[in-house]
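The values are calculated or read from the model by the stated rules, or taken from the named source; none is laboratory data. Everything quoted here is computed from the prediction, not taken from an experiment. Heads up, the Cβs are rebuilt from the backbone with ideal geometry, glycines too, and the neighbour counts pull from every protein chain shown. Only protein heavy atoms, including side chains, enter the accessible area calculation; ligands, DNA and RNA are left aside. Shrake-Rupley method; radii C 1.70, N 1.55, O 1.52, S 1.80 Å.
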Amino acid sequence: MNLTFLLPFLLFWFKTLEETNTTLYDLECNHSNDCPIEGEPVIDNTSANTPEIDDECNEKMTNIWCFGGYAGLDFNNEPPSILIGSSMASYESCASIADSNGNLLFYSDGISVWDSNHDQMPNGFGLMGHSSTTQGSLIIKQPNSENIFYIFTLDDLTTGLVNGLRYTMIDMNLNGGLGDVIAGTKNTFLHHPCTEKLTAVRHCNNIDIWVVAHEWESNAFLAYLLTSSGLTTTPVVSNVGTIHIGGGGFMYDNWNAEGYLTASPDGNRLALAITKMDRFEVFDFDNTTGMVTNPIVLQSPDYYYSYGVAFSPDATKLYATSLWNRTLYQFDLSAGTATDIVNSATLIATANAQYIGALQLAPDGKIYLSKYNENFLAAIGNPNALGTACNYAENAVSLGTAYAQFGLPNFAPYHFDPSPNITGNLAPCTLETQQYGVSALSCEAIYEWQLLGDGTLTVLPPAEAIVTYNSAGAYMLIVTQTTDCQVLSDTLQIVATACSSPLPTADFTAAVTSLCIGGCTDFVDLSQNATAWQWTFEGAIPATSTDQDPANICYPQAGVYAVQLIASNGAGSDTLALTAFVETSATFMVEQSTQICTGDSLWLQGQYQHQTGTTTIR
């Protein structure tokens with residue numbers, strides 16, 4: 001019997017059921033096959049300020065995952081191992097955090113807070129989130145603090161979103177080092193009403209954090225700045241994109257409050273899902289000001305019950321899930337225009353599960369997919385790759401006897417700092433100048449470029465390289481990105497060839513070809529495929545030029561003169577010689593009427609005859 005029509009009823013039941021109870025690593029991406037390299041390295045680096053030290057550098061903070069039906073994973077091992085003992089059963093909302101060595105500190109479903117022994121913290125109860133809010137909990141460490149954490153919570157649509165966005169503070173020095181809620185901070189109010197969307201972005205200063213939510217029945221993004229001094233409770237508001245409203249429901253017309261919000265690891269983009277609109281949206285995010293701009297709408301009946309979103313580590317791909325259809329899509333954000341991005345949608349997989357839910361980037365560089373009531377997570381093994389080359393695996397990691405639900409831990413994406421990812425031409429021609437850049441630019445990073453091979457390297461701040469290939473052969477271009485958190489690199493293997501350029505075709509014209517003695521004119525090159533020009537002007541001053549479009553070529557004597565152009569490139573040359581192209585004369589006859597309008601000018605020199613006689617103009 002087909003039970004898919006029961007999904008809204010099942011989700012309503014889920015949402016109304018109350019529960020009682022890095023190692024730092026180097027990323028190196030080789031874009032082509034290995035090849036021999038000759039020549040000494042050419043090294044240059046951009047000028048940049050040394051970034052301040054941030055105590056959230058060690059990305060082992062995301063190594064412990066607690067989620068679903070008592071499920072847990074330990075990413076201190078590769079592949080991740082099963083974590084036993086979780087006390088949490090949550091349909092959607094879940095967040096966990098580890099210390100700098102990858103040891104669990106605590107986790108929450110937005111209602112309760114459990115410590116590293118899986119016991120509820122003494123005051124870790126009664127938070128005003130909900131275990132069936134899409135992103136009902138988010139844990140952020142206060143900048144420049146060793147022991148203070150914020151748990152941000154959101155309410156669920158089945159309660160009418162009445163509790164809104166709130167925060168609770170945790171001090172890990174309390175309760176004998178196991179942590180507890182700081183008295184007087186539980187459920188501190190920020191905003192009402194909000195959707196079920198909640199994420200965080202690192203500020204461009206590489207220290208502070210933007211906490212980003214979305215207002216309900218509005219198109220307003222709310223960005224709150226968390227600094228070492230605490231949280232700024234007045235948000236930066238950006239009214240942009242779709243108004244989140246309606247969607248149906250049993251008690252409240254608010255199903256469109258559901259769906260994930262996430263940021264790219266580099267902090268330059270946001271993406272979200274609006275569940276019953278069958279819609280995903282992508283935005284630009286200014287991590288200096290907190291402003292959101294430039295929406296791109298990705299909408300199709302194929303995306304019915306839009307739910308999960310995640311960016312690839314290099315921020316060039318967006319992955320999105322249709323909960324109802326059990327489908328996973330990829331969008332190529334580097335495709336070009338907004339229309340190109342919309343048309344880049346690729347169906348990656350239809351999962352073997354009743355429903356699918358959240359997507360979450362992990363410390364191992366993969367993106368994991370939650371499959372409802374399954375003992376396995378699916379995974380995207382190479383999320384930077386285009387199309388099905390992203391390497392989707394249906395049963396990628398076992399959860400043992402535990403099981404997934406709809407949600408996965410809601411980590412701040414800045415924990416997964418991106419590889420720099422060089423962009424540019426892999427197969428240039430010799431003697432050509434090529435420009436290379438970095439697709440996931442970090443605003444506070446130091447970039448160093450290195451070129452191996454017979455070439456010339458010039459670096460342009462903040463992270464661009466200009467390369468000229470002097471001879472045919474293999475080259476290697478390397479960029480190293482250094483931040484306060486880690487050192488990442490990318491390597492581009494390049495093969496330059498002596499290309500056969502098309503032969504040039506010489507052609508030209510001139511602004512004026514009939515002149516009085518001493519008159520001047522400008523020449524315009526019309527040649528095809530030319531890279532160099534040699535002009536010869538008979539009887540003129542100057543007599544030659546190598547400009548593409550020579551100007552102010554003057555003829556001091558009366559006569560008829562030839563003009564020659566030799567247009568050339570690396571493949572050869574072509575000559576065009578016109579023997580009677582320019583004529584100069586002391587007398588210039590206008591043999592037909594010329595009409596001019598009021599305000600126009602007419603330049604005359606010499607004698608002209610009109611109906612009343614002869615006039616001399618000097």
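Within segment 313-334, at least one residue is over 26 Å from N239 (Cα atoms) and in contact with a Pro (Cβ under 8 Å, 6 or more places away or on another chain).
Residue by residue, here is whether (1) among the polar types (S, T, N, Q); (2) at negative phi; (3) under 24 Å from the mean Cα position of the chain (by Cα) holds:
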site: T227; (1), (2), (3): yes, yes, no
site: T232; (1), (2), (3): yes, yes, no
site: V237; (1), (2), (3): no, yes, yes
site: I243; (1), (2), (3): no, yes, yes
site: G259; (1), (2), (3): no, no, yes
site: S264; (1), (2), (3): yes, yes, yes
site: N268; (1), (2), (3): yes, yes, yes
site: F280; (1), (2), (3): no, yes, yes
site: D284; (1), (2), (3): no, yes, yes
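Does S489 meet the test of being small (G, A, S), modelled with pLDDT under 90 and either assigned to a strand (DSSP E or B) or surrounded by 15 or more Cβ atoms within 10 Å (Cβ to Cβ) (or both)? Spelling it out, S489 is indeed small (G, A, S), modelled with pLDDT under 90 and either assigned to a strand (DSSP E or B) or surrounded by 15 or more Cβ atoms within 10 Å (Cβ to Cβ) (or both).
Filtered by the rule that a residue be more than 19 Å from L359 (Cβ to Cβ) and either more than 19 Å from the chain's Cα centre (by Cα) or open to solvent by less than 10 Å² (accessible area, probe 1.4 Å) (or both), segment 293-308 gives a lone residue, P301. Quickly run through segment 575-602 and pick out the residues that are open to solvent by 50 Å² or more (accessible area, probe 1.4 Å) and either in a strand (DSSP E or B) or modelled with pLDDT of 90 or more (or both). Of everything in segment 575-602, those that are open to solvent by 50 Å² or more (accessible area, probe 1.4 Å) and either in a strand (DSSP E or B) or modelled with pLDDT of 90 or more (or both) turn out to be T575, A577, L578, T579, A580, E583. For segment 324-382, the set of residues classified as in contact with a Ser or Thr (Cβ under 7 Å, 6 or more places away or on another chain) and of a type in the set (D, E, K, R) consists of R326, D332, listed by residue number.
The residues of segment 254-289 that are assigned to a loop (DSSP other than H, G, I, E, B) and within 24 Å of N163 (Cβ to Cβ), listed by number, are N254, E258, G259, Y260. Restricting attention to segment 320-336, the residues that are modelled with pLDDT under 95 and either among the polar types (S, T, N, Q) or part of a strand (DSSP E or B) (or both) total 1.
Pairs linking a residue in segment 419-433 that is within 14 Å of D266 (Cβ to Cβ) to a residue that is among the charged types (D, E, K, R), with Cβ atoms under 7 Å and 6 or more positions apart or on different chains, are S419/D314; S419/D490; P420/D490; N421/D314; N421/D490. Between E215, E258, the distinction of being among the acidic types (D, E) and touching a Cys at 6+ places or on another chain (Cβ under 8 Å) belongs to E215 only. Annotation note: of G407, G455, G473, G400, the sole residue that is surrounded by fewer than 16 Cβ atoms within 10 Å (Cβ to Cβ) and at pLDDT 90 or above is G400. Only one entry of A315, A385 meets the criterion of being open to solvent by 10 Å² or more (accessible area, probe 1.4 Å), assigned to a loop (DSSP other than H, G, I, E, B) and farther than 30 Å from C499 by Cβ, and that entry is A315.
Just so you know, in segment 141-174 the residues that are part of a strand (DSSP E or B) and over 19 Å from A223 (Cα atoms) include one that is least open to solvent (accessible area, probe 1.4 Å), and it is I170.
Could you list, in sequence order, the residues of segment 123-140 that are surrounded by fewer than 23 Cβ atoms within 10 Å (Cβ to Cβ) and of a type outside the set (A, V, I, L, M)? Hits for segment 123-140 are N123, F125, G126. Remark: pairs (first residue in segment 200-223, farther than 22 Å from E281 by Cα and assigned to a loop (DSSP other than H, G, I, E, B); second residue open to solvent by 20 Å² or more (accessible area, probe 1.4 Å) and of a type in the set (D, E, K, R); Cβ separation under 8 Å; 6+ apart in sequence or on different chains) = C204/E444; N205/E52; N205/E444; N206/E52; N206/E444; N206/D484; I207/E52. Annotation: of all residues in segment 93-122 being open to solvent by less than 30 Å² (accessible area, probe 1.4 Å), assigned to a loop (DSSP other than H, G, I, E, B) and in contact with a helix residue (DSSP H, G or I) (Cβ under 8 Å, 6 or more places away or on another chain), the one that is modelled with the lowest pLDDT is G102. Residues that are within 17 Å of the chain's Cα centre (by Cα) and at pLDDT below 95 within segment 339-381 comprise just one, G365. When you check A496 against the structure, is it under 30 Å from I446 (Cβ atoms) and either assigned to a strand (DSSP E or B) or touching an Asp or Glu at 6+ places or on another chain (Cβ under 6 Å) (or both), yes or no? When the stated conditions are applied, A496 passes them. The test for being closer than 30 Å to P461 by Cα and either among the acidic types (D, E) or modelled with pLDDT of 95 or more (or both) does not hold for E394. Suppose the filter is modelled with pLDDT under 85, open to solvent by 30 Å² or more (accessible area, probe 1.4 Å), under 20 Å from the mean Cα position of the chain (by Cα) and not polar (S, T, N, Q); does E432 pass it? For E432, the condition - modelled with pLDDT under 85, open to solvent by 30 Å² or more (accessible area, probe 1.4 Å), under 20 Å from the mean Cα position of the chain (by Cα) and not polar (S, T, N, Q) - is not met. Just so you know, in segment 244-281 the residues that are in contact with a strand residue (DSSP E or B) (Cβ under 7 Å, 6 or more places away or on another chain) and of a type in the set (D, E) include one that is farthest from V292 (Cα to Cα), and it is D278.
Scan segment 224-239 for residues that are touching a Leu at 6+ places or on another chain (Cβ under 7 Å) and in a strand (DSSP E or B) and report the count. The total comes to 2. Only one of the listed residues (A183, A223) is at negative phi, open to solvent by 10 Å² or more (accessible area, probe 1.4 Å) and not β-branched (V, I, T). That residue is A183.
Which of the residues belonging to segment 130-145 are within 31 Å of the chain's Cα centre (by Cα) and under 19 Å from T185 (Cα atoms)? If the condition is that a residue be within 31 Å of the chain's Cα centre (by Cα) and under 19 Å from T185 (Cα atoms), then G136, S137, L138, I139, I140, K141, Q142, P143, S145 are the ones that fit.
Would you mind stating whether N373 is among the polar types (S, T, N, Q) and on the phi > 0 side of the Ramachandran plot? The answer is yes for N373.
Entry remark, segment 242-268: residues being modelled with pLDDT of 95 or more and open to solvent by 30 Å² or more (accessible area, probe 1.4 Å) number 2 in total.
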